[in-house]
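Have a look at the structure below, then the notes.
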Amino acid sequence: MSYGNIKIAMLGYTGTGKTCYMISMYAFMKLGINGFNFSEKDLDRDLELTEMWEALIDDRKWPDPNPSNVKKYTFDFNYAFQPIMSFEWLDYRGGALSDTSSEKDVQELTRQVKQSDCLFICISAEDLQLTSKMKRARAIKADRMNVLIKEIGEVLKPKANQPFPVVFVITKFDLYPNPDDSESVIEAIKEIFSTFWDSPGWIVSICPVSLGKELGENFAEGEIEPVNVHIPVAFAIYCKLYKQKIEQKIHQQQLKQEETELNNKLRNLKNRNVLVRIWKGGEIDSTAYKIEKRREEIEEASKGLDEITQKLNLLSREMIQSCFIYLNGQEGGFDV
């Protein structure tokens, strides 16, 4: 069963590896992992991404910098070859982050950010190694990103009980001098984007990714073997499914309340004297029919909740060992 679609907006300046990340993510997930896989809805786009991946594998050729036009990709996120959810991905030139609002791709990026269900912030591990907060912020273009993030806040108004998901995708993590020092990575991000920790309404994931652990030491001959590239999308879909689960629970509770009210009404009608029961016979039958329909709807809602919970369990197993999660500023795990 498919649970709709989401829009993912990815912010990242030139050289952070947005396109490389997308290419490796798709190539890795076309093969799949633990029953999950991706598929591109457009076969021409599939071929385009495959050719770029093969050029990277065979010739170590990085993708060409994006021109001013914006490319959209629509992927299916599947489990056991059955679609769970589709997601729309926007690929744009990194320079759009520092260009004027009159540029067409800047306008498209702004529109996508405002309509997004999850925001990816792409940061190169190289930039996190710079010696000061201001140098890191300047390299990342954090000031411009914060302007676009403000657009999300104004449009969606995230709250503590309705948080908006944000993923910090740390690319080129094979270049980080000490991959086991997760604390320094987290602190560097907190220092630049403190608002996500200082104000409620955000659920934040920090996820290091890489095209291969050996590439930092030997790009020409190191093995290209993507690491963690599917985790950010899994997190985004987890958050969307969790939101749907809450909505489904509320809907189920409303149906149960309606069933209770209808049962009370039917009981009152049946407790009348014989003449009134005969006179109200049509209303009694109609109420009994409505009760039966509500019970069917409640059963259907319960099945839907079970299916969503099953998918959430599967996704949480993928993510729980691979990223750091913060809800309303506090570190925490996944609540299925």
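The values are calculated or read from the model by the stated rules, or taken from the named source; none is laboratory data. Because the structure is predicted, anything quoted here is derived from the model rather than measured. Using ideal geometry, Cβ is built from the backbone for each residue, glycine included, and neighbour counts are taken over all protein chains shown. These area figures cover heavy atoms from the full protein model, side chains too; ligands, DNA and RNA do not enter into them. Shrake-Rupley method; radii C 1.70, N 1.55, O 1.52, S 1.80 Å.
Return the total of residues in the stretch 37-76 being crowded, with 18+ Cβ neighbours inside 10 Å, among the hydrophobic types (A, V, I, L, M, F, W, C), at pLDDT 80 or above and out of contact with any His (no Cβ under 9 Å at 6 or more places or on another chain).
Residues that pass the stated criteria total 5.
Is it the case that the stretch 87-95 has a residue that's farther than 29 Å from GLY153 by Cβ, modelled with pLDDT of 80 or more and part of a strand (DSSP E or B)?
No, the conditions are met nowhere in the stretch 87-95.
Mind listing whichever residues of the stretch 287-315 are farther than 30 Å from PHE81 by Cβ and surrounded by 13 or more Cβ atoms within 10 Å (Cβ to Cβ)?
Those that are farther than 30 Å from PHE81 by Cβ and surrounded by 13 or more Cβ atoms within 10 Å (Cβ to Cβ): THR287, ALA288, LYS290, ILE291, LYS293, ARG294, ARG295, ILE298.
Tell me, yes or no, whether the stretch 104-116 has at least one residue that is within 13 Å of LEU11 (Cα to Cα), of a type in the set (S, T, N, Q) and modelled with pLDDT under 75.
no
Do you know which of the residues in the stretch 211-256 that are of a type in the set (S, T, N, Q) and farther than 15 Å from SER302 by Cβ is most open to solvent (accessible area, probe 1.4 Å)?
ASN218
Here is a check on your reading of the model: is ILE170 hydrophobic (A, V, I, L, M, F, W, C), outside any loop (DSSP other than H, G, I, E, B) and surrounded by 14 or more Cβ atoms within 10 Å (Cβ to Cβ)?
Taking the combined requirement at face value, the residue satisfies it.
Filter the stretch 186-210 for residues that are open to solvent by less than 30 Å² (accessible area, probe 1.4 Å) and free of Cβ contacts under 8 Å to residues at least 60 places away in the same chain; which is nearest to GLY332 (Cα to Cα)?
ILE192
Among the residues of the stretch 185-215, write down those that are in contact with a helix residue (DSSP H, G or I) (Cβ under 8 Å, 6 or more places away or on another chain) and either assigned to a strand (DSSP E or B) or polar (S, T, N, Q) (or both).
If the condition is that a residue be in contact with a helix residue (DSSP H, G or I) (Cβ under 8 Å, 6 or more places away or on another chain) and either assigned to a strand (DSSP E or B) or polar (S, T, N, Q) (or both), then THR195, TRP202, ILE203, VAL204, SER205, ILE206, CYS207, PRO208, SER210 are the ones that fit.
Taking the stretch 257-286 as the region of interest, how many residues are open to solvent by less than 60 Å² (accessible area, probe 1.4 Å), of a type outside the set (A, V, I, L, M) and either modelled with pLDDT of 90 or more or under 43 Å from the mean Cα position of the chain (by Cα) (or both)?
Of the residues in the stretch 257-286, 2 are open to solvent by less than 60 Å² (accessible area, probe 1.4 Å), of a type outside the set (A, V, I, L, M) and either modelled with pLDDT of 90 or more or under 43 Å from the mean Cα position of the chain (by Cα) (or both).
Only one residue in PRO208, PRO226, PRO232 is more than 22 Å from ILE140 (Cβ to Cβ) and either in contact with a Phe, Trp or Tyr (Cβ under 8 Å, 6 or more places away or on another chain) or hydroxyl-bearing (Ser, Thr, Tyr) (or both). Which one?
The match here is PRO226.
Which of the residues belonging to the stretch 126-140 are buried (at least 20 other Cβ atoms within 10 Å of the Cβ) and either out of contact with any Asp or Glu (no Cβ under 8 Å at 6 or more places or on another chain) or not in a helix (DSSP H, G or I) (or both)?
Matches in the stretch 126-140: ASP127, LEU128.
Considering the stretch 107-141 alone, what residues qualify as being more than 15 Å from LYS172 (Cα to Cα) and either aromatic (Phe, Trp, Tyr) or in contact with a Lys or Arg (Cβ under 8 Å, 6 or more places away or on another chain) (or both)?
GLN112, GLN115, SER116, ASP117, CYS118, PHE120, listed by residue number.
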